Amino acid sequence: MEYNPQDIEPKWRQWWQTQQTYKVSNHSTKPKYYILDMFPYPSGAGLHVGHPLGYIVSDILARYKRLRGFNVLHPMGYDSFGLPAEQYAIQTGNHPQVATDRNIARYREQLDEIGLSFDWSREVRTSDSAYYKWTQWIFMRLYEHYYDRDANKALPIAQLAARFAQVGNAEVHAVCEDSTPVFSAAEWLAMDHLAQQTILLKYRFTYPGEAYVNWCPALGSVLSNDEVKDGVSERGGHPVERKMMNQWNMRITAYADRLLEGLNEIDWPDSIKEQQRNWIGRSVGASLRFDVAAHPGTQIEVFTTRIDTIYGVTFVVLAPEHELVAQLTTEAQRTEIEAYVQWAGARSDVERMADTKKVTGAFTGSYALHPFTGEQVPIHIADYVLAGYGTGAVMAVPSGDQRDWDFAKRFNLPIVPILDAQQNLDEAADPTKEGRYINSGMINGLPYAEATPLLIKHLEENGLGKGKTQYKLRDAVFSRQRYWGEPVPAYWHDGLPYLIDEQDLPLVLPAVDKYLPTETGEPPLARAKDWTYLPPARTIVKSMLDHFPDVNVSLQELEENTGISISPPPFKSVQIESFAGEENTNEEASAIGQGYEPPLGGPLELSTMPGWAGSSWYFYRYMDPENDDAFCSPEALRYWQAVDVYLGGAEHAVGHLLYSRFWNHFLYDLGLVPEREFAKKLINQGMIQGRSSFVFRAKEQFFEQYLWQRVLQPFFEAEGPIAQAQSRSEEGYNYDFAFGANDLVIEVTSYKLPEKIERIRRTAEADRKRLLVLTTEEIIDAINEPEKTAAKIRAALDSRESFYFIRDTPRCEQLYVSQSLLYKYEPDAFTKLHVDVNLVDNDLLNVEQARTKPQFDKSNFKIDPQGQFTTSFEVEKMSKSKYNVVNPDDMVRMYGADCFRMYEMFLGPVENSKPWSTSGITGVAGFLRKFWGLFFDKNGQWAVSSTAPTGDELRALHTCIKRVTEDIERFSMNTCVSNFMTCTNELRSLNCSKRAVLEPLVVLLAPFAPHIAEELWDQLGKTSTVCDAEWPVYDEAHLQLSTINYPVQINGKMRGNIEVPVDMPAGDIQEKVMAQEFVTRTLQGAEVKKFIVVPGRIINIVA
RNA sequence: GCGGGAAUGGCGGAAUGGUAGACGCGCUGGUCUCAAACACCAGUAACUUCACGGUUGUGCGGGUUCGAGUCCCGCUUCCCGCACCA
């Protein structure tokens, strides 16, 4: 029987499906193991060969753990809300669900082909209402909680309100907005509901608020910081501007410290942890206030990490947007300041980032009073001070900070040295902390370590400021003015948001007529009819009342008269199954809302949630995907706990991976999940890049004046119709002519193409411009279907853009077609493309056969000297827009899924990025064929025998078991494949077809190449799946040799080898080694100072 | 500028401080064949030698060690992330 993956693979995939081999139960006595892939956004482009890399790694791990006796949860789903589907909807008018469903179907098809062991019964889709019901539910829990600094965890907002009623907020240590006023218990109780709720919003984890946000006009939506790269939107690359808007926010800053600490307990790549630390950007320093001369009562608060440089302060700088700018500007300076503020405001982020070296600013005319010396220092504004960080104001120390130094130089402000270390402040600032302080009042003569605590103490004792920790992390903007996302489960009344009743979840996306913002600029949900919330009992009663206008009674009267409350309770207590061991109580809930009639309803929120909402908790839904009563049952959570290994790309470092940790910490505080961190181990798979192909077009001018007039025309005139291929060189260009006079193929090679030839990416745009681009595949088509191709070429060449270079694509690199061809077309004579001149046998030129049996005579082809194409490809991110996508389907069709899986693993370490290349896949294909060949004789007959294996055979097997086991454990899949190859080669040379050796090998191979393993397992006579076999254990005894081959070094240099029995004593070994010819020869009588035997390893003679 | 990572044949890449280059691709030669392809066998770091062998060699310069690709110190280059964060 011959190995033919196309025969066996679909058969077993079908069998696994009908057997439900991959279905996982939540009830098992086995230890659990949860291995998770980052779920994909199902884009219209489908999967490319880069996507499955991580899925294959996790699949191998999942299958391996299963063979080792674990109950393995290995699910997959789709992050199916998102912009592309919506853009498609805007363009076509179809509901985004349509595109989403279609894309998911395509993804599923492709994923299935690879033989991945996902339990599809647990699939989740973030855009399913049964799923986003729980996204909304978590949103509601966030709204109902605040962060308590004393408890160091999230607590119900009702408890906070209760404490306000007892002690006011001065004593309460809770995370809130800086602008929150201080009030006493009496003041709190005197506030009306509206005022109280407004205060509470400053504490809630999710809250609407005015803030500077990244507004993207092209997308018509705000974006979070991590969705903006280099001043443009990550998706689409549209410009982004800063704009003050009212948005829902997520108070992630409350967890800044917890998120930092948590990094220490998880096994994630250093780069990811570092990126997160960076993003959170904790810096410890002090905040202090400067009084302003001639403005009693006005203070400027600044933050500094270098309070030790306080005596070097010679001016103060405010951000142009700072709220005090207008007040502090003197009449004399007003014109200048206003002009500057306007100029700075008009600058986009891109511009600001582009010239950070340019020093700009303006003087307000006012002076601040130095808090330690009382000296007057000028107050400037400048856009190097950011409004969004710290207080938007800095104390400028030109001697210690380069930006302040630059500014001082530009505006002729004094620079005062403050350290006695040799400072050359004429050239640059000195940011070091070396030496002792001078010109520094109370800290003169002290070093840095002593000065800082002293100054902070002084600040705090004199009420000038305090030690403070500042973060770069901003609260995350949580609303998007888009359609295709989770509706925010809140409605508005009197300018305040209210949550809808939990019973009304999910709040389903309404139908709209168009997916665009309204004419007045409101989000698409404003187009929905009746996008208004009425609590359900009221909805019914009200509609009844509406239906019977004769019944002249209001809802309120009805409630009073019947005694039946048809309103939902104003605050719903949260039922919590606590994993943290202590119960959160909601007893004090009555403290708010007392004597207050909740609003009957109101217009629902028009914005939707951002893409990261649904992906911040999906790993729990897989544990219990059908549950309609909870996002996940406590039982399921207790069993599966958290993700053991999480696999995905590094591009989510500060987005998804940080938000998920935030939500998880929150859910943990509520006792809803058992672990602080949701993923113990994270592995980033490297990106597989694409090779982008470019076509070259001769510039028309070049063709007319140079190529044609000076090269081609004289050539034709001299030679007449060309019968044979010829070459000619001219000014650094080589032209190889291959065809007759009228239809001509010219290969042009040159290393100095650029100025005469333009490079064009092979894109839709290029095609639209009717540029003729032929791939080698199309050339092959041209032979098979000359009419079709001729028509295409004719159409293209009818235009003036008639001359093109044609380039092969990486997909066809096995075909020896040279890299660039230039066609000229004469309409009258053109009938057929004579590519066959270059090819040996036309009949064999279809792709399928060309793959298995290349039939070319290489000598007929132009191949570049290095055997590589020298021009015109670049390694880039693989992407549909770059026209460099390689499809896994094609690979699977050509070589089979097992081969594709193993080849992807064989490419190199999982975490490395690498360009995709198919060269080398034949090595893996050959291995599979050889492995298969161990089971069959030359005639294809089953050859497995029950003979007892020899020591060599057992050693080959057990070496393989040992290495593969160790390598899987450390995620070194590429060396696993090597080990299989080595073992197979050895067994082949030993002619081993023994069951005792091959059977364990099949199990070993099963995680990597499940199809061939299942087939051979079946042929070995097994009735149950190889997925449930037992992982073989290696036996050290089989690895032992009777002799050891020691390498012998003399003075650290390898000189030879010596074979000694395992049990030979060291003294005898030395005697034997010294007698060796190569030893005496190299030593030449030199005295041996030391004789080192590292048992089992090496011998080193020191002379 | 700051932070993280990397640098090994023609290529992808292997090497708990212990024979550098496993495994594969590519290339060269051979067997088979009318001839090719497939397959199989052998070779393949560089320099040197008829050969045995010798010398050099893991980005560069030092160091620790009997022994360094691996550890330490100082650089260079490249990739990734952040970037006027006070």
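General remarks:
- Residues in the range A:325-358 that are away from RNA strand B (no atom under 16 Å from the Cβ), open to solvent by less than 40 Å² (accessible area, probe 1.4 Å) and either touching a His at 6+ places or on another chain (Cβ under 8 Å) or at pLDDT below 90 (or both): A:Leu328 alone.
- Residue selected from the range A:894-929 under the condition farther than 14 Å from A:Ser972 by Cα and near RNA strand B (Cβ under 6 Å from one of its atoms), by the criterion surrounded by the fewest Cβ atoms within 10 Å (Cβ to Cβ): A:Ser919
- Check on A:Ser179, closer than 23 Å to A:Tyr78 by Cα, part of a loop (DSSP other than H, G, I, E, B) and of a type in the set (Ser, Thr, Tyr): no
- Only one of the numbered conditions (1) farther than 27 Å from A:Ser440 by Cα; (2) away from RNA strand B (no atom under 13 Å from the Cβ); (3) among the basic types (Lys, Arg) is not met by A:Arg289, and that is (1).
- The listed residue being in contact with a helix residue (DSSP H, G or I) (Cβ under 9 Å, 6 or more places away or on another chain), modelled with pLDDT of 95 or more, hydroxyl-bearing (Ser, Thr, Tyr) and open to solvent by 20 Å² or more (accessible area, probe 1.4 Å), out of A:Tyr22, A:Tyr34, A:Tyr3: A:Tyr22
- Matching residues in the range A:968-993 - criterion: being more than 12 Å from A:Gly933 (Cβ to Cβ) and near RNA strand B (Cβ under 7 Å from one of its atoms): A:Ser972, A:Asn974, A:Thr975, A:Val977, A:Ser978, A:Met981, A:Thr982, A:Ser989
- Residues of the range A:397-433 that are surrounded by fewer than 19 Cβ atoms within 10 Å (Cβ to Cβ), more than 9 Å from RNA strand B (Cβ to nearest atom) and not in a loop (DSSP other than H, G, I, E, B): A:Lys409, A:Arg410.
- Selection from the range A:1069-1103 of residues that are within 9 Å of RNA strand B (Cβ to nearest atom), open to solvent by 60 Å² or more (accessible area, probe 1.4 Å) and within 13 Å of A:Arg1055 (Cβ to Cβ): A:Arg1081
- A:Asn884 within 15 Å of RNA strand B (Cβ to nearest atom), assigned to a loop (DSSP other than H, G, I, E, B) and either touching a Pro at 6+ places or on another chain (Cβ under 9 Å) or not aliphatic (A, V, I, L, M) (or both): no
- Selection status of A:Val394, assigned to a strand (DSSP E or B) and surrounded by fewer than 24 Cβ atoms within 10 Å (Cβ to Cβ): no
- Each residue in the range A:292-319 was checked for being within 8 Å of RNA strand B (Cβ to nearest atom), open to solvent by 10 Å² or more (accessible area, probe 1.4 Å) and not polar (S, T, N, Q), and 2 of them qualify.
- In the range A:1038-1103, counting only strands (runs of 3 or more DSSP E) that sit wholly within it, the ones holding 3 or more residues that are under 30 Å from A:Pro949 (Cβ atoms) span A:1043-1050, A:1053-1061.
- Annotation note: of A:Asp401, A:Asp406, A:Asp420, the sole residue that is over 27 Å from A:Gln299 (Cβ atoms) and either out of contact with any Pro (no Cβ under 6 Å at 6 or more places or on another chain) or small (Gly, Ala, Ser) (or both) is A:Asp420.
- Whichever residue in the range A:442-453 is in contact (Cβ under 8 Å) with a residue 12 or more places away in the chain and more than 45 Å from the chain's Cα centre (by Cα) and, among such residues, is most open to solvent (accessible area, probe 1.4 Å): A:Met442
- Number of the exception - A:Met891 against (1) open to solvent by less than 20 Å² (accessible area, probe 1.4 Å); (2) in contact with a His (Cβ under 9 Å, 6 or more places away or on another chain); (3) of a type outside the set (Lys, Arg); (4) at pLDDT below 90: (2)
- The range A:214-233 - residue that is in a strand (DSSP E or B) and near RNA strand B (Cβ under 10 Å from one of its atoms) and, of those, least open to solvent (accessible area, probe 1.4 Å): A:Val228
- The range A:969-1003, residues that are open to solvent by less than 10 Å² (accessible area, probe 1.4 Å) and either closer than 19 Å to A:Phe936 by Cα or touching a Cys at 6+ places or on another chain (Cβ under 6 Å) (or both): A:Phe980, A:Cys983, A:Thr984, A:Leu987, A:Cys992, A:Val997, A:Leu998, A:Leu1001, A:Val1002, A:Val1003
- Subset of the range A:202-245 [over 22 Å from the mean Cα position of the chain (by Cα), among the β-branched types (Val, Ile, Thr) and farther than 22 Å from A:Gln136 by Cα]: A:Val213
- Cβ pairs under 7 Å, 6+ apart, first in the range A:158-179 and within 20 Å of A:Arg141 (Cα to Cα) and at pLDDT 90 or above, second of a type in the set (D, E, K, R) and buried (at least 20 other Cβ atoms within 10 Å of the Cβ): A:Ala174/A:Asp148; A:Val175/A:Arg251
- Scanning the range A:238-259 for residues that are more than 21 Å from A:Glu210 (Cβ to Cβ) and either at pLDDT below 75 or in a strand (DSSP E or B) (or both) gives a single hit, A:Pro239.
- Test: residue in the range A:144-166 that is open to solvent by 60 Å² or more (accessible area, probe 1.4 Å) and in a helix (DSSP H, G or I): yes
- Residue within the range A:852-867 that is modelled with pLDDT of 85 or more, open to solvent by 50 Å² or more (accessible area, probe 1.4 Å), more than 14 Å from RNA strand B (Cβ to nearest atom) and farther than 16 Å from A:Gly54 by Cα present: no
- Looking across the range A:1038-1060, the residues that are more than 13 Å from RNA strand B (Cβ to nearest atom) and either open to solvent by less than 50 Å² (accessible area, probe 1.4 Å) or at pLDDT below 85 (or both) come down to A:Leu1039, A:Gln1040, A:Ser1042.
The values are calculated or read from the model by the stated rules, or taken from the named source; none is laboratory data. All of these numbers come straight from a predicted model, not from anything done at the bench. Backbone-built Cβ (ideal geometry, glycine too); neighbour counts: all protein chains shown. Surface accessibility is based on the protein's heavy atoms, side chains included, excluding ligands, DNA and RNA. Shrake-Rupley method; radii C 1.70, N 1.55, O 1.52, S 1.80 Å.
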